[in-house]
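Below is one structure; the comments refer to it alone.
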Amino acid sequence: MSTRTLTVIAALLVSAAAQAGAPMARFQAPGFYRTTLGDFEITVLNDGTLDLPVEKLLKQPPAKTIAALDKAFLKSPVQTSVNGFLINTGSKLVLIDTGAASLFGPTLGQLLNNLKASGYKPEQVDEIYISHMHGDHVGGLASNEQRVFPNAVVRAGKLDADYYLNPANLDKASADAKDNFQGPMVSINPYVKAGKFQPIVANTELVPGIKSYFNGGHTPGHITYVVESKGQKLVLLGDLLHVQSVQFEDPGVGIQFDTDSKIATAERKEAFAAAAKEGYLIGAPHLSFPALGHVRVNGKGGYVFVPVAYTQPR
């Protein structure tokens, strides 16, 4: 074999080794998903994921949770999505839930960047509706005590506002529970001070095509939002649901985050039954991104979640 041939072979081997040695990228594409609902445009915005030790959190024997996770090819802790929903009605740009921003650690806080990547600016958002005042739903509202969405009016249930924004409740909370109040306060109070917070006191149409529906249980003033356009319907369930691999098959399983699991369970059962019967679209902040799909009965007293297929909006 000639010296030149050996040189060529060596060069090829070096080239192959260089290609094989490329570092792993370890990042995803921007986390937004866009679809249409009648005349409305729906953009799901991912804030990141949060590891949840669900076998310790769900109100059933841990072995049952682990078995359900195994069926879904999952292990605990489960990487649980945190999502928001941006709705362009044509006349209003409405954001429902804002993610955690910095309140829950470094694996979250991507919603604002994903909103920008999706083609919108925070100053374009007209209204923000909060399902409930847990930190992973309100944290994206403010940064350094400044409003992230300077032109938006924020609305949330009055019962939640009365509870989570009350300094007396913060003062009497245990050290471990103080974050439950501090997160909502730092996130929402800048809007309160600017006169841009409006509590929701009853089920109502907030803007044409978007209605609020109280279903406390997870928190005192938890709200789901119903979006309708041209006969098409999307119900955003908020935190009626946390662990899709468990709670669809058995909606009677509660979670420790609920203020009143009995009420939350009843509301979840009612929501799943209605979605399965009527066939409309559902979404929820903790469904796996892109967090939209349909519900059908499984013939065993439970349900199956059918995620949306990837589509191009038309």
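The values are calculated or read from the model by the stated rules, or taken from the named source; none is laboratory data. Fair warning: this is a prediction, and the values are worked out from it, not measured in the lab. Every residue, glycine among them, receives a Cβ derived from its backbone with ideal geometry; neighbour counts consider all protein chains shown.
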Legend entry - Condition broken by SER81, with the remaining ones in (1) under 14 Å from ALA284 (Cα atoms); (2) more than 14 Å from the chain's Cα centre (by Cα) satisfied: (2)
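Any idea which residue in the stretch 150-159 is nearest to VAL94 (Cα to Cα), counting only those that are surrounded by 20 or more Cβ atoms within 10 Å (Cβ to Cβ) and over 18 Å from the mean Cα position of the chain (by Cα)? Please lay out each step first, then the result.
Pass one, the stretch 150-159, residues surrounded by 20 or more Cβ atoms within 10 Å (Cβ to Cβ): 152, 154-157, 159.
After this cut, where a residue has to be over 18 Å from the mean Cα position of the chain (by Cα) as well, the list is 152, 159.
Details: ALA152: 9, LEU159: 22 Å.
Applying the filter and picking the extreme gives ALA152.
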Inset, instruction - Take the residues in the stretch 114-131 that are closer than 23 Å to THR224 by Cβ and of a type in the set (D, E, K, R), then tell me which one is nearest to the chain's Cα centre (by Cα). - result: GLU127
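Which one of LYS277, LYS262 is closer than 23 Å to ALA63 by Cα, surrounded by fewer than 17 Cβ atoms within 10 Å (Cβ to Cβ) and out of contact with any Asp or Glu (no Cβ under 8 Å at 6 or more places or on another chain)? Before you say what the answer is, go through the steps one by one.
Details: LYS277 fails: closer than 23 Å to ALA63 by Cα.
None of the others qualify; the one that does is LYS262.
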Inset, instruction - Scan the stretch 200-247 for residues that are in contact with a helix residue (DSSP H, G or I) (Cβ under 6 Å, 6 or more places away or on another chain) and assigned to a strand (DSSP E or B) and jot them down. - result: THR224
Inset, instruction - Please name all residue pairs, on different chains or six or more residues apart, with Cβ atoms under 9 Å, provided the first residue is in the stretch 135-152 and is within 18 Å of HIS222 (Cα to Cα) and at pLDDT 95 or above and the second residue is surrounded by fewer than 23 Cβ atoms within 10 Å (Cβ to Cβ) and among the charged types (D, E, K, R). - result: GLY135/ASP179; LEU141/ARG147
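This table checks each residue for (1) closer than 15 Å to HIS286 by Cα; (2) in contact with a strand residue (DSSP E or B) (Cβ under 9 Å, 6 or more places away or on another chain).
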| residue | (1), (2) |
| --- | --- |
| GLY38 | no, yes |
| LEU45 | yes, yes |
| THR65 | no, yes |
| ASP70 | no, no |
| SER91 | no, yes |
| SER102 | no, yes |
| GLY105 | no, yes |
| VAL125 | no, yes |
| ILE128 | no, yes |
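Could you say which residue among PHE214, PHE305, PHE289 is crowded, with 16+ Cβ neighbours inside 10 Å and closer than 17 Å to ILE42 by Cα? Reasoning before the result, please.
Values: PHE214 fails: closer than 17 Å to ILE42 by Cα; PHE305 fails: closer than 17 Å to ILE42 by Cα.
Only one candidate passes the filter, namely PHE289.
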Inset, instruction - Filter the stretch 272-307 down to residues that are assigned to a loop (DSSP other than H, G, I, E, B) and more than 16 Å from the chain's Cα centre (by Cα), then give me how many there are. - result: 7
Inset, instruction - Return a yes/no flag: does the stretch 252-262 have any residue that is in contact (Cβ under 8 Å) with a residue 12 or more places away in the chain and under 19 Å from LYS233 (Cα atoms). - result: no
